[in-house]
Every structure is written in structure tokens, then in C-alpha cells.
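For reference, the structure is listed below as C-alpha cells.
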Amino acid sequence: MTQDGTTDSGQQPPGRAGDGQHEPSPALLRAVRDYLDHLTVERGLSTNTLSSYRRDLDRYLETLAADGVDDLAAVASVDVSGHVARLRAGDDRHPPLSAASAARAASAIRGLHRFAVREGLVVDDASRDVRPPAPPRRLPRALDVTEVTRLLELAGPVEASGPELPLPLRDRALLEFLYGTGARISEAVGAAIDDLDLTDGTALLHGKGGRSRAVPIGGHAVAALQAYLVRARPVLAAAGRGTPAVFLNARGGVLSRQSAWTILRRAAVRAELPVDGPRAVSPHTLRHSYATHLLDGGADVRVVQELLGHASVTTTQVYTLVTVDRLREVYVTAHPRALDRAG
């Protein structure tokens, strides 16, 4: 360490506020340094994460110094919330941070204060009641009916037969099952033969928290499952040691979630649907599409909640936002006064 406060390599030590107009006190710098050391040694955080935390805490210390706060014990809740608000608003030296970046900074700050309490540096956690900014709600990606149909049909045949068809028949049955029941991918690969009643057209899905629910299976999914169970699954099962799982891999074992994702991605490529980027098709896309299409068709949100296995209707209501967006698109393109306003 040189006299100007830098290390021998010329870099500033962890926790230093940098080129700000206000220098943090030695007590604040020491607290941040000890916290970062703790994250490095005890928590084993990655270099990138530590660098992000260091930048976030540098800026926090600079704010405290500018406000005349020279010790964590003197920090009040309003100091923490005020700093987070400044992050979102930006200032002459910093652009506004996104909700996600500000939330990361708030996490670093709250971690620092919790660490200070545990180490006996302070009595109260000034950040305890400060909540990080909520990221903007991202609406689920839903395919339209035409896209779903193309995806399913290109996953594999239903009626053809031959020695090369066990896997295509399985792939088609899996995707039909996901879309026909709204199952989570974990519920689909975890389904057992005894969970299916194809005569009655129902399936028992075992969801989160040990909760199970019976859901109807659509006619197309029933047909695909029958074709798979009769002509493909016995061939796959012969290569394994016996398992009650519905969906098997080529070795006769239980199909994994990763393999199910690969099956969907392969079908999406054939159907010319996006597999990368923000609108990429994923196993959850079929669940989103299932819910959205039910609501588009007039299903009550409470019924959709039960079918999806959501503990709270609030979780299901995000799909109603998708439906409203679609209704708005129809309105803008069909209503004469909306056309006048848009054009």
C-alpha cells in the first residue's frame, strides 16, 4: 500500500470509492473489505460476482460519505432506501440503473449490513426494511394455435410404424402430453403408467409441494399416447431394467428433463420457431400456451388455476395479461375508431 492509498500495482483496494468527491471513512472501508473477504473465503463467490459487489458497495460508500455518514452504526433505513432510489434515478455522474441492476446493488448492501450485525459491528440492521426494486413483469411467451399445431406435427408421426419410429412416437406423445395437460416438464417426465387413464382421458400429475391433481387429456394427446404406449414404449423398455415411468429414453431409463428440452428444441427447429433469444421456445412455452388458449377460449381463471396446479390465483392471472394484449391487438386492427387513432 502506497501513501496515496493504492496497492503496489496501482489499483485501489476493495471498498474504495474511487474518483468520487467524497472519501469514505476508514471504518466504512474496513467494513466493506472484511465483508468482501468473507464472501471470497467463506462463500466462494465468483470473481465476476465479487467485482459487481465491489462496484455496488463503492458507490454506496461514496453516497454515505457525501451524506456525512462515517460509520455503519450511524446508517439509518432512510439512508439505504435513499441510495437505492438514487440508483434508479441516476445523477450527473451515473446513468439510471435498471431494476435488475439496482436490485443486485440492494442485495450487496443488505448483505453488508447483515454481516456487520453478525460481526457485532452494529446492533441494528438498517437495511432490514428496504426492499429491492421489483423487475418489470415479463409476460409469458405463448405460441398461437397454428404454431403449436406445426410444432406437434413435426415432432413425430402418430399413425406410421416401423423399427425406426420408437423415438419419434415418444417425442410426439411427450409434446402432445405437455400441451394437452398443461403439465410442468418435471410432472411429465415424472408421470407413471398408473397415472394415466386413457379410457377416461385423464392424468394424475404430481406437482410442487407434494400436491397432486387430476387433469383431462385432450383427444389428440390420447391418440399420441396410445400410439407410443403400444408401438414404441415396449421397444424402449426392453433395453432397460424396468421402470413405471411413461416416457423412457433410448436405454429404457426415465427420460430426463434435459432430454425433454432437447426433444422440444429439435421440433422447434423443424417448425422454424425461435430456439434462442427472449422469444425462444422452451418446455414451459407449451404450458404458457395451454393456459393462454384456455383463457382465450373463455375458460374461467379459477378453473385454469386448478388445471395448472397454482396455489394462488395471482400466479395464474399473469396469463390474463397475455389475453388482454391479444384482445387489444384485435381491437386496434378491427375497430374503425381504433384504426383512426393508430393511423
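Residue-wise HN-Hα couplings along the range 246-252, as the Karplus relation 6.51 cos²θ - 1.76 cosθ + 1.60 with θ = phi - 60° gives them from phi, are 5, 9, 10, 8, 5, 9, x Hz; Gly and Pro carry x.
Of the solvent-accessible surface of the range 125-267, computed with a 1.4 Å probe and all protein chains present, 54% belongs to carbon and sulfur. Accessible surface computed residue by residue for the range 219-314, with neighbouring protein chains in place and a 1.4 Å probe, gives 50 Å² per residue. Accessible surface comparison of ARG251, ARG141, probe 1.4 Å, protein chains only, largest first: the order is ARG251, ARG141. Residues in the range 231-239 carry Karplus couplings, in order, of 9, 10, 4, x, 5, 5, 5, 5, 8 Hz; the curve used is 6.51 cos²θ - 1.76 cosθ + 1.60 with θ = phi - 60°, and Gly or Pro positions show x. Under the rule a/c < 1.5 gives rounded, and otherwise a/b versus b/c splits prolate from oblate, where does the range 52-98 land using the Cα gyration tensor? Here the range 52-98 falls in the prolate category.
The values are calculated or read from the model by the stated rules, or taken from the named source; none is laboratory data. Treat the numbers as computed from the prediction; the structure is a model and nothing was measured. With ligands, DNA and RNA removed, areas are computed over all heavy atoms of the protein, side chains included. Shrake-Rupley method; radii C 1.70, N 1.55, O 1.52, S 1.80 Å.
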